[in-house]
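Report on the following structure.
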Amino acid sequence: MPVSTTPAPASLIATLPGRYYTDPEIFRKEQEKLFESMWFCAVRSADLSGPGAFRTVRVGRESIVITRSRSGELRAFLNVCRHRGARLCTEESGQVRRSLQCPYHAWTYDLDGKLIAAPNLIKMPDVDRVAYGLIKVALREWLGYAWVCLADEPPSFEDTVMYAAVERLGDAAAIEHYGTENLALGKRITYEVKANWKLIVENFMECYHCATIHPELTAVLPEFAKGYAAQYYVGHGAEFGERIQGFTVDGSAGFGKLAEVSAEQDRRYYAITVKPTVFVNLVPDHVILHRMFPLAEDRTSVECDWLYAPEVVASGADVSKSVELFHRVNVQDFAACERTQPAMSSRAYRSGGVLVPSEHHIGIFHEWLLGRLGDARA
Ligand code: FES
Ligand code: FE
């Protein structure tokens, strides 16, 4: 394969080599160094509506079970029975009365993880029921979601997760104005994307593609048609077009702005990437939150929630016009990612592609990733 010896023009900087999107060994390292080491957004808190509700979720190579305890708090555990290791909960979600029972030999744990019953347990008085309880996983709630961390010593939640919003919006209070934790779910769509999770992140971080593939979005946010990168300018939100009434598929009116949204946040769209797997989209009358679940080097499940003021959802108002706008954006973006994935293993992409100036900030993401994986730039 001839390799060009011409020096690269300063306008273009290199992407990651193709193998970062196709190599199972690199994906395994990402599971270890990212998804199992950082805070990972697992479930929406309100999906666990009352005591005894549980959800299982895959984080890196582990299965986690998240329960709502009798006191109403969320708890996370490794989904592994302490006896002989059977998977405790096999359903994605469910409801128990007061305990989780292993289907193998019936070891039974309360909703705080303590071992409370097992056949013949009475004859084993030396068994410490807390020590042989389920193994706890760190959990924090923010924006109405439960974030879990498998690390023995989790990194600071404030300095990592919450800081992403401060860094992007330029102000710690700005995201609070949307009151995301109090919003209600208007719609959830899950997308199974045949692409590496990083292609989805990179796509979200640039708007060079907006004019080509997002006609509805650029009609609402005309500055996106110029390839402006929402992630790039601290504190800047993309302004709605003059004739646009709301963040909807046809620019028609949405709902009243959320109570605390400021005058300068009104009629603007802000996007935040919370590394490694979350995107938060803020518009005056709703919040759209994407959670990615990387399943393999070439497969990612994306759960997208549209969140509105509780009274909007309770009234049965039709949210379909605002859902449709970002649903189309998602479909357009994920199709682009799926179109890119097969080429990642082509010899044409062996040493990667290039980033144009309005995409150069993606290089910061790449450096961050290489740093976490302990890889040197080739
Ligand atoms: Fe769970 Fe035996 S493996 S009770
Ligand atoms: Fe896009």
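The values are calculated or read from the model by the stated rules, or taken from the named source; none is laboratory data. Quantities reported herein were computed from a predicted structural model and do not represent experimental measurements. Every residue, glycine as well, gets a Cβ built from its backbone with ideal geometry; the counts of neighbours run over all protein chains shown.
Some observations on this one:
- Residue within segment 165-172 that is free of Cβ contacts under 8 Å to residues at least 40 places away in the same chain, of a type outside the set (Ser, Thr, Tyr) and assigned to a helix (DSSP H, G or I) present: yes
- Residues in segment 32-62 that are farther than 21 Å from Arg188 by Cβ, free of Cβ contacts under 8 Å to residues at least 40 places away in the same chain and either out of contact with any Asp or Glu (no Cβ under 8 Å at 6 or more places or on another chain) or within 16 Å of ligand 1 (Cβ to nearest atom) (or both): Glu32 only.
- Some residue of segment 147-164 being farther than 29 Å from Asp318 by Cα, within 16 Å of ligand 2 (Cβ to nearest atom), touching a Ser or Thr at 6+ places or on another chain (Cβ under 9 Å) and touching a residue at least 12 places away in the same chain (Cβ under 8 Å): no
- Residue, surrounded by the fewest Cβ atoms within 10 Å (Cβ to Cβ), within segment 181-208, restricted to residues that are part of a loop (DSSP other than H, G, I, E, B) and at pLDDT below 95: Tyr208
To keep it simple, each residue is scored yes or no on (1) surrounded by 15 or more Cβ atoms within 10 Å (Cβ to Cβ); (2) touching a residue at least 12 places away in the same chain (Cβ under 8 Å).
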| site | (1), (2) |
| --- | --- |
| Gly72 | no, yes |
| Arg75 | yes, yes |
| Arg82 | yes, yes |
| Leu88 | yes, yes |
| Arg97 | no, yes |
| Asp110 | yes, yes |
| Ile122 | no, no |
| Pro125 | no, no |
| Lys136 | no, yes |
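- Here Ala131 meets each of (1) touching a residue at least 60 places away in the same chain (Cβ under 8 Å); (2) farther than 16 Å from Phe279 by Cα; (3) of a type outside the set (Val, Ile, Thr) with one exception, condition (1).
- Checking each residue in segment 307-360 for being touching a Lys or Arg at 6+ places or on another chain (Cβ under 7 Å) and either within 25 Å of Phe240 (Cα to Cα) or not in a helix (DSSP H, G or I) (or both) picks out Val319, Val323.
- Residue tally, condition surrounded by 15 or more Cβ atoms within 10 Å (Cβ to Cβ) and either more than 21 Å from the chain's Cα centre (by Cα) or more than 27 Å from Pro215 (Cα to Cα) (or both), over segment 298-310: 2
- Listed by first and then second residue, the pairs with beta-carbon distance under 7 Å, at least 6 apart or on different chains, first residue in segment 175-202 and touching a residue at least 12 places away in the same chain (Cβ under 8 Å) and farther than 28 Å from Trp368 by Cβ, second small (Gly, Ala, Ser) and crowded, with 21+ Cβ neighbours inside 10 Å, are Leu183/Ala309.
- Annotation: Ala211 fulfils all but one of (1) outside any loop (DSSP other than H, G, I, E, B); (2) surrounded by 15 or more Cβ atoms within 10 Å (Cβ to Cβ); (3) in contact with a Phe, Trp or Tyr (Cβ under 9 Å, 6 or more places away or on another chain); the unmet one is (2).
- Subset tally (residues that are under 24 Å from Glu167 (Cα atoms) and surrounded by fewer than 16 Cβ atoms within 10 Å (Cβ to Cβ)) for segment 311-360: 4
- Residues (touching a strand residue (DSSP E or B) at 6+ places or on another chain (Cβ under 7 Å) and of a type in the set (Val, Ile, Thr)) located in segment 146-174: Val148, Val161
- Filtering segment 287-297 to residues that are in contact with a Pro (Cβ under 9 Å, 6 or more places away or on another chain) and surrounded by 16 or more Cβ atoms within 10 Å (Cβ to Cβ) leaves Met292, Pro294, Glu297.
- The listed residues are Val329, Val283, Val302, Val354, and the only one of them that is touching a Gly at 6+ places or on another chain (Cβ under 9 Å) and among the hydrophobic types (A, V, I, L, M, F, W, C) turns out to be Val283.
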